[in-house]
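The values are calculated or read from the model by the stated rules, or taken from the named source; none is laboratory data. Owing to the predicted nature of the structure, the values given are computational and were not obtained by experimental measurement. Every residue, glycine among them, receives a Cβ derived from its backbone with ideal geometry; neighbour counts consider all protein chains shown. With ligands, DNA and RNA removed, areas are computed over all heavy atoms of the protein, side chains included. Shrake-Rupley method; radii C 1.70, N 1.55, O 1.52, S 1.80 Å.
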Amino acid sequence: MSADMSLDVSVDMRPLAVSLSFRLGGADGVSVEAAKWQWALGQLGYQVRTVAGEGPVDVLVPGLDAGAWLTGHSQRAVDRDRLAEALERADLVVVENLCSLPLNPPASDAVAAVLRGRPAVMRHHDLPWQRARFADYPPPPDDPAWIHVTINDRSRRELAFHAIQATVVRNAFDLDPHVGDREATRASLGIEPDQLLVLQPTRAIPRKDVRAGLGLAQALDGAFWILGPAEEGYGDQLSRLLGSARVPVFHGPVPPMRGFLGVEHAYAACDAVAFPSLWEGFGNPPVEAGLHHRPVAVGPYPVGGELRKLGFQWFDADEPYLLRQWLAEPDLRLIDHNIEVTRRHLDIADLPARLGELIASAGWRLPDRESYRPAGGLRR
């Protein structure tokens, strides 16, 4: 379906679930995780529609994008009529962070108003006070008809402090990801076959601590590749940082990646992954690194400690000598261990059942499983 699709009722009579956010379909963490829920809802028998202010979605609603601070574009007024029309037939709406972070308060207010009294899941990847610039903002909106989901236990506790009860549903992962093309990707980068490559598969923004990622690469005498775009006004600082590097540096995706799709090629090309982040709602790359059979050095972000308690064994980003030792004599039992932890706690195969339990616990009717056939594996 195109962004200009008609919103007329189609012949598809399955219950409709809408995935709603500032932006969807991109490489950012919210979009990536929203796509997994879209797949899981499809497995449960829902027809799924994507609605956002930006991205390759079924319905684009002007004014729902994240606002000038993140996008760099002047903020448009919310098209409330189009928003109401996009949600009119929805049996369930999953709001992905749009009512969690005040990136665009008019958009959050409009969505909350349309959804009052209707079945909705408020899925919180971040909360206002977890970002310094939003520290004084109030908690997300609440309504008796809604249920709240957090992706970590810290956020669940913080919402409880504000009298909002939430359920934790952690991010989920495909245990058998596509295998990337190491030789073709490194050839596109122009990197020597024997050159150690450290990948930081994140956007370039202050809280990702790109300086520490580059420092790790320099300590290992390896080339450094920062994959994502500079946002939040970080472009000039990134240029200065990379310009002063003592090792080869690369920025942005290269073939055989297709834009920011095909991250498996980046993982295949690298020898180690850097994730020195200072704050994350979850932090997918450390888990993904293990699934792609790469060691990872992780920064001090608080939720990382929560994930380590599940059993993950990661190197510390500020102790490069331990990673250097491992790279000199790799012990693949570490990789196998982390894959098994992912299998136990974060397997995407378990996500449809988890969401089914969540929906049923709210007293909402699930689709009639006898009237549909699940679509199969995770869409890529």
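Could you pull the accessible area for E329 with a 1.4 Å probe, rounded to 10 Å²?
Number for this one is 150 Å².
Report the convex hull volume per residue for segment 266-344, counting only C-alpha atoms, in Å³.
Given the Cα convex hull of segment 266-344, per-residue volume reads 83 Å³.
Hey, what do the phi angles of segment 318-325 turn into as Karplus ³J(HN,Hα) couplings, whole Hz, using 6.51/-1.76/1.60 and θ = phi - 60°, x for Gly and Pro?
With coefficients 6.51, -1.76 and 1.60, one gets 9, 10, x, 5, 5, 5, 4, 4 Hz.
Whose amide H sits under 5 Å from the amide H of A272, counting only residues 5 or more places off or on another chain, with H placed in the peptide plane?
HN-HN under 5 Å from A272: L197, L199.
Using a Gaussian network model of the chain with C-alpha springs under 10 Å, which one of W39, W314, W326 is most mobile by mean-square fluctuation?
Comparing W39, W314, W326 in a Gaussian network model of the chain, the most mobile one is W326.
Would you calculate the separation in nanometres between label points at F134 and D12, each defined as 7 Å from the Cα along the Cα-to-beta-carbon direction?
3.0 nm
With θ taken as phi - 60° and the coefficients 6.51, -1.76 and 1.60, list the Karplus ³J(HN,Hα) couplings across segment 181-188 in order, rounded to whole Hz; mark glycine and proline as x.
9, 5, 5, 5, 5, 5, 5, 5
Roughly to the nearest percent, how much of the accessible area of segment 135-213 is carbon and sulfur, given a 1.4 Å probe?
Roughly 49 percent of what the probe reaches on segment 135-213 is carbon or sulfur.
Kindly state, to the nearest 0.05, the FRET efficiency for R182 paired with R333, given R0 = 25 Å and r defined as their beta-carbon distance.
After rounding, the FRET efficiency stands at 0.65.
Sort all Cα-Cα distances of segment 244-380 into consecutive 10 angstrom bins from zero, then give the percent of pairs in each bin up to the one containing the longest distance.
10, 31, 32, 18, 8, 2, 0
Name the residues whose placed amide hydrogens come within less than 5 Å of the amide hydrogen of F250, ignoring near sequence neighbours (fewer than 5 apart) on the same chain.
Placed amide hydrogens put F224, W225, I226 under 5 Å from F250.
Given a 1.4 Å probe, how much area per residue of segment 258-338 is accessible, in Å²? Each step should come with its number before you reach the end.
Values: 3360 Å² over 81 residues.
Per residue, segment 258-338 has an accessible area of 42 Å².
Can you compute the modelled spin-label distance between Q325 and S361, with each label point 7 Å from Cα toward Cβ, in nm?
If labels sit at Q325 and S361, their model points lie 4.2 nm apart.
Pull up all non-local amide H partners of V149: gap of 5 or more, or a different chain, and H-to-H distance under 5 Å with H placed in the peptide plane.
Close amide H contacts, sequence-distant or interchain: M122, R123, H124, T167.
Can you work out the base-10 log of I(q)/I(0) for segment 204-255 at q = 0.27 1/Å, using the Debye formula on its C-alpha atoms alone?
These q points yield log10 I(q)/I(0) values of -1.12.
Applying a 10 Å radius around every beta-carbon, put 242-249, 209-216, 108-115, 142-149 in order of their mean neighbour count, most first.
209-216, 108-115, 142-149, 242-249
Give a residue-ordered list of calculated ³J(HN,Hα) values for segment 116-123 (Karplus: 6.51 cos²θ - 1.76 cosθ + 1.60, θ = phi - 60°; whole Hz; x for Gly, Pro).
Result, rounded to whole Hz: 3, x, 10, x, 8, 9, 8, 9.
Please work out the Cα center distance from segment 74-135 to segment 143-209, rounded to the nearest Å.
What the calculation gives is 22 Å, centre to centre.
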